[in-house]
Amino acid sequence: MADALIIGEITDGAPASATLEGIAAARRMGAGQVAVLLPGADAASAASAAIAGGADIVYTIVDGPAADGEFDALVDAAQAAVTLSGARYVIGAKTLTGRDVMPRLAFRLGTALASDCSVVSLDDSGRLIATRPVYGGNAEASVACLGSVAVASLRPKSVDALEPDTSRIGEVSPLAFEANVRTRVLERVEEAGEGVRLENARVVVSGGRGLGGPEPFDSLRELANMLGGAVGASRAACDAGWVPSGYQVGLTGKTVTPDLYIAVGISGASQHMAGCSNSRTLVAINKDAGANIFKEARFGVAGDWQKVLPAFMEQLHELMG
Amino acid sequence: MTLHIVVTAKQVLDPETPLSAFNVADNAVSTAGNIPPVVNGYDEQAVEAALRIKEAHGDAKVTVLSCGTDFALDVIKKPLAMGADELVLLQDAAFENSIDPTMAVAALTAAIRKLGDVDLVISGRQASDWDNAQVPLGVAESLGWAVATIGRKVDVQDGTVRVERVLPDGHETVEAPLPAVVTVSNELGTPRYPNMRGIMAARRVQPTVWTVADLDLDGTASPAFELVSLKKPERAVQTEMITGDDDADAGRKLALRLREERVL
């Protein structure tokens with residue numbers, strides 16, 4: 001039995017960072033005993049990292065369609081884990097998998113999902129309070145979850161994981177459940193970009209509508225290379241076909257939290273800011289001095305990027321020797 | 001047999017509304033002045049996906065379902081002007097636009113059951129107001145249908161639907177048996193503009209209106225949330241604008257300033 005259940009994921013043989021963040025969120029809000037569902041071939045070995053990260057119980061699934069990441073089976077597994085754990089709080093993450101699995105799980109449990117939360121807490125009567133951006137980030141809503149089970153998904157990177165404590169002891173048990181798969185994956189095509197992954201980059205250089213075409217992204221790539229970073233884009237630049245959709249930073253794209261985010265020719269619509277506003281230092285270069293991005297940036301240059309950027313890079317080159 | 005596609009379309013505040021005209025007060029969001037509402041952008045892409053299937057399939061009917069309290073008819077008729085065949089409005093004070101998707105899921109599910117012969121539901125991946133991204137998944141769960149999300153290409157053949165899904169670093173093709181629910185994303189492409197003939201035809205169509213009394217809403221789940229607060233997010237950033245003799249000079253100074261602050 002547990003008070004909270006984290007719907008976890010495994011990446012590269014270990015609990016995903018979003019999963020460790022979910023465990024930390026449950027512990028910090030004082031949920032009590034925390035169970036984690038870990039589906040994946042490496043679940044048995046990943047379980048100890050989950051326990052070190054704050055879990056008391058780990059339910060593992062090491063083979064079958066749920067371990068392979070089939071959404072239908074993952075919903076079935078999550079539902080079985082909720083029943084088995086008796087958890088009152090169910091927390092997932094707004095990852096590729098969580099986006100599908102968490103709402104479906106919530107509806108099966110007779111409730112709905114508090115999705116994309118930046119903060120979760122408990123009020124005096126033990127209700128889960130979830131805070132999340134709405135209206136494309138133009139407003140922020142806090143909701144109290146009603147009913148016997150609360151289901152929430154956390155926006156990745158919005159809370160810190162706990163320091164791993166390898167002395168913690170927990171229980172690991174395989175989860176038995178019935179999977180009913182109807183939507184099947186026929187083919188998966190990876191379009192891996194070159195260089196640093198956008199989500200992990202310490203420096204991100206992003207371009208938007210103001211660049212006017214695909215060619216200027218070469219300059220952005222050059223700058224990103226100088227700084228060991230990655231190139232991102234606003235949705236407008238992706239929709240225009242200037243860069244692949246995998247470059248998109250924003251509400252419906254990737255969430256990045258680099259040390260330095262340089263936005264070039266991006267107006268700073270809330271939709272975009274939702275994906276980069278947690279960057280440590282945000283720098284904006286935009287022709288329009290009234291652009292919203294200048295309300296969110298730490299440093300701004302209101303000017304023509306075609307003149308600002310080459311001089312910036314030249315000076316940078318000099319500084320970096 | 002006629003392939004019956006339902007598209008769900010929500011009327012929302014125009015998300016392109018400038019931030020300054022965007023008001024948050026008394027736990028509600030509104031826009032200043034007379035900025036008209038729009039059909040949720042991703043839902044227009046859902047209409048586009050349905051029309052492409054109709055063109056490829058030949059014998060198909062596209063019914064648009066919209067749930068709300070009040071409709072601007074010239075706005076919500078846009079899918080008809082684009083080429084959809086029928087419009088059913090689920091209109092009732094009970095269908096208030098709420099952060100809690102429970103009632104919208106129940107109403108859409110009941111309407112799809114009432115239509116009876118639906119093969120495929122296509123929805124936008126999320127609506128630009130609450131950004132919940134869960135009503136289509138809730139409808140699929142309530143109906144017990146298969147589901148595939150965030151499609152950029154949707155094809156129907158031999159009782160199945162094939163969806164090319166957008167992934168963070170690539171794409172995948174999934175297949176599900178009909179009936180099914182599919183959501184689409186902006187990667188599907190720009191929705192077609194209504195032509196004059198479509199606009200004229202849409203004007204003549206009288207939408208069907210169903211209220212709570214027309215729908216079987218027995219067994220609807222109780223509300224999932226209570227809205228505690230709604231506010232504009234606080235922005236704590238102090239912006240420092242870097243200026244110079246000209247744009248190039250400002251660029252150089254930006255690099256020096258970032259070095260000074262040890263950002264670089």
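The values are calculated or read from the model by the stated rules, or taken from the named source; none is laboratory data. Quick caveat, the model's predicted, so the values are computed rather than measured. Please note: Cβ atoms are built from the backbone with ideal geometry, for glycine as well, and neighbour counts cover all protein chains shown. Surface accessibility is based on the protein's heavy atoms, side chains included, excluding ligands, DNA and RNA. Shrake-Rupley method; radii C 1.70, N 1.55, O 1.52, S 1.80 Å.
Tabulated data for the structure shown
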{"quantity": "Residue under evaluation residue B:118, criteria (1) more than 10 Å from chain A (Cβ to nearest Cβ); (2) β-branched (Val, Ile, Thr); (3) buried (at least 24 other Cβ atoms within 10 Å of the Cβ), criterion not met", "calculated": "(3)"}
{"quantity": "Top-ranked residue of segment B:140-163 - restricted to ones that are closer than 30 Å to residue A:274 by Cβ and more than 9 Å from every other protein chain (Cβ to nearest Cβ), ranked as surrounded by the fewest Cβ atoms within 10 Å (Cβ to Cβ)", "calculated": "B:153"}
{"quantity": "Inter-residue pairs, beta-carbon under 6 Å, first within 7 Å of chain A (Cβ to nearest Cβ) and in segment B:225-238, second among the polar types (S, T, N, Q) and open to solvent by 50 Å² or more (accessible area, probe 1.4 Å), 6+ apart", "calculated": "B:227/B:27; B:230/B:27"}
{"quantity": "Test set (1) of a type in the set (Ser, Thr, Tyr); (2) within 24 Å of residue A:143 (Cβ to Cβ); (3) surrounded by fewer than 21 Cβ atoms within 10 Å (Cβ to Cβ) - residue A:85 fails condition number", "calculated": "(3)"}
{"quantity": "Count of segment B:228-240 residues which are of a type outside the set (S, T, N, Q) and surrounded by 15 or more Cβ atoms within 10 Å (Cβ to Cβ)", "calculated": "4"}
{"quantity": "Scan of segment B:180-208 for residues that are under 20 Å from the mean Cα position of the chain (by Cα) and open to solvent by 40 Å² or more (accessible area, probe 1.4 Å), ordered by number", "calculated": "B:187, B:190, B:192, B:193"}
{"quantity": "Residue match in segment B:36-58 (condition: surrounded by 14 or more Cβ atoms within 10 Å (Cβ to Cβ), basic (Lys, Arg), within 26 Å of residue B:117 (Cα to Cα) and without any contact (Cβ under 8 Å) to a residue 60 or more places away in the chain)", "calculated": "yes"}
{"quantity": "Flag for residue A:310 being out of contact with any helix residue (DSSP H, G or I) (no Cβ under 6 Å at 6 or more places or on another chain), modelled with pLDDT of 95 or more and closer than 24 Å to residue B:261 by Cβ", "calculated": "yes"}
{"quantity": "Selection count where residues are open to solvent by 20 Å² or more (accessible area, probe 1.4 Å), assigned to a strand (DSSP E or B) and over 19 Å from residue B:55 (Cα atoms), scope segment B:80-106", "calculated": "1"}
{"quantity": "Residue ID - nearest to residue A:11 (Cα to Cα), chosen from residues in segment A:72-124 that are within 12 Å of chain B (Cβ to nearest Cβ) and part of a loop (DSSP other than H, G, I, E, B)", "calculated": "A:95"}
{"quantity": "Number of positions in segment A:202-242 that are within 15 Å of residue A:276 (Cα to Cα) and either outside the structural domain of residue A:272 (by TED's automatic domain parsing) or not in a loop (DSSP other than H, G, I, E, B) (or both)", "calculated": "10"}
